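First the structure, in the form of structure tokens, and then the observations on it.
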Ligand SMILES: C[S@@+](CC[C@H](N)C(=O)[O-])C[C@H]1O[C@@H](n2cnc3c(N)ncnc32)[C@H](O)[C@@H]1O
């Protein structure tokens, strides 16, 4: 990590909502199905967002009547959230979502947009599942949205795959198969210069996440390939998984 804000420092936070492929993630066509899904699972309870960022999901979820609290490592990202109308109704605790605790219990905790992979060790990912389980009320759910590792798309011997290409921005994923490592390199032309941001991840298969849930005392309730409950198959590029804490 470069500083206290991790890989989402002031420079990244300032451009997060508009930059490259991330801007597309703010489109209502992308956000609305996420909100519909989470509203249904939250029921009359509270929601905990791990890695709340600038509030892409938390703000519309709060507008739909669900109380939301967030955990966020980056003060710069949290400050962007704070600058937006409606954010005064959302609590944010600054800290690492693998270990940070907050008051109260939640009917749903969610970790979207591949953010579980920001924890770059298996131990930290397991710790995150355990931390979530400790915050859920009995019968509460943990929802993760994360890509399926794209190793089938990597030609033998190659380590790099382009995941985004436009006239002004490019994204390259670099795999280290032995370590389950993945570094996402983002390049974007800003004011006539190329800005680079490279973020390390630890990729994990759906079955490994199921095992982490089991270690934390939760079990798989649903797995889909998208927020509209599209079937999860061998061709799915990502999954939306829901693990449940036992009701008693
Ligand atoms: C890709 S952004 C997603 C933000 C938001 N959830 C969204 O969907 O737009 C990942 C966020 O998680 C935060 N983050 C990464 N690792 C974290 C950690 N270990 N603890 C807390 N926040 C973390 C980053 O600072 C960043 O704001």
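Values quoted throughout were computed directly from the atomic coordinates according to the rules given, and no laboratory measurement underlies them. Everything numeric in this text was worked out from a predicted model, so none of it was measured. Ideal geometry is used to build each Cβ from the backbone, glycine not excepted, and the neighbour counts take in all protein chains shown.
Computed from the alpha carbon atoms alone, the convex hull of region 57-158 holds 141 Å³ per residue. Relative contact order of region 152-196, taken over Cα pairs closer than 8 Å and 6 or more residues apart, is 25 percent. Which whole-angstrom value gives the distance between the alpha carbon centres of region 215-240 and region 1-70? Here the two parts' Cα centres lie 20 Å apart. Here the Gaussian network model covers the chain, with springs between Cα atoms less than 10 Å apart; of 133, 109, 162, 162 fluctuates the most. Take 79-85, 7-13 and order them by the average number of nearby Cβ atoms within 10 Å per residue, most first; the result is 7-13, 79-85. Geometric descriptor of region 152-196, per residue, is 73 Å³ (volume of the convex hull of the Cα atoms).
Relative contact order for the chain using alpha-carbon pairs under 8 Å, separation at least 6, rounded to a whole percent?
Relative contact order comes out at 17 percent.
Applying Stokes-Einstein at 20 °C and 1.002 mPa s to the Kirkwood radius of the chain, computed over alpha-carbon pairs, gives a translational diffusion coefficient of 116 µm² s⁻¹. Residues 235, 17, ranked from the fewest to the most other C-beta atoms within 10 Å, line up as 235, 17. Across 225, 166, 184, mean-square fluctuation computed from a Gaussian network of the chain (C-alpha pairs under 10 Å connected) peaks at 166.
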